[in-house]
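Here's the structure we're looking at; comments come further down.
The values are calculated or read from the model by the stated rules, or taken from the named source; none is laboratory data. Just so it is clear, the structure is predicted and the values come from calculations on it, not from any experiment. Don't worry about glycine lacking a Cβ; one is built from the backbone with ideal geometry, like all the others, and counts go over all protein chains shown. Accessible surface areas use protein heavy atoms only, side chains included; no ligands, DNA or RNA. Shrake-Rupley method; radii C 1.70, N 1.55, O 1.52, S 1.80 Å.
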Amino acid sequence: LQLPRFVAKQIADWVYNKRVRSIDEMSNISLKNRERLKELFEVGFSAPAEAAHSVDGTIKYLYRVNENRFVEAVYIPDGERATLCVSSQVGCKMNCLFCMTGKQKYTANLTANEIVNQILALPEFERLTNIVFCSFTGIFAPSTESEISRLRPMEERISSALSFMYSSSSSLTS
């Protein structure tokens, strides 16, 4: 697109901090550049397809990642803490019975956008203090260099989006 570097920071601020749903809302980006962006990109989040509420406050959200595939993110409130467990893969090798993602045969890794969407589209987004990643070959942390390298570019995007939530008592991954 040949846009100045500072425009990337402006776009990140609009998308991750101001949470705009349209490129037209990015008022500090020139009209010409907004038109160029609209030719190639869409802005916004895909809301969860379903939500299942538990008596303890836990909420399982089902996100559509393509026509026939879904992943699950689980919001777990606990006093002043609120944790979100996000999926990083379509399907999982563990086959946990309580998890929709685990019930599907592993078929693919999610894109960074599909993972970030589970976080930013969460209705309780403002309450989050912790994020954990599930479905990394069936364990709760990345287990291979390829999985770790997939997280590196995403970590900066997420930390930008969640920068106001960082404290000594919160973490990006566990």
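Some points to look at:
- Rounded to the nearest 20, the Cβ-based charge dipole of segment 1-127 about its Cα centre (Lys and Arg +1, Asp and Glu -1) stands at 400 debye.
- With the convex hull of its Cα atoms as the shape, segment 25-129 has an orientation-averaged projected area of 8.6 nm².
- Residue 126-residue 39 pseudo-label distance in nm [points 7 Å out on the Cα-to-Cβ vector]: 3.8
- Once the C-beta distance of residue 108 and residue 55 is scaled by a Förster radius of 30 Å, the resulting FRET efficiency is 0.35 to the nearest 0.05.
- Distance histogram in 5 Å bins (all Cα pairs of segment 1-58, percent per bin): 4, 16, 25, 20, 9, 7, 7, 6, 5, 2, 0
- Residue 31 paired with residue 80, simple spin-label distance in nm, labels 7 Å along Cα-to-beta-carbon: 4.9
- Efficiency of FRET from Cβ geometry, residue 24 and residue 69, R₀ 30 Å, rounded to 0.05: 0.45
- When you count the other C-beta atoms within 10 angstrom of each residue and take the mean per peptide, 25-35, 81-91, 118-128 line up highest first as 81-91, 118-128, 25-35.
- Segment 3-90: chymotrypsin sites (Phe, Trp or Tyr not before Pro) in DSSP coil with no more than 11 other Cβ atoms inside 10 Å: 41
- Other-chain or far-sequence residues with amide H under 5 Å of residue 90's (modelled H): 107, 108, 109, 110
- Accessible surface of residue 18, taken over heavy atoms with a 1.4 Å probe and every protein chain present, rounds to 100 Å².
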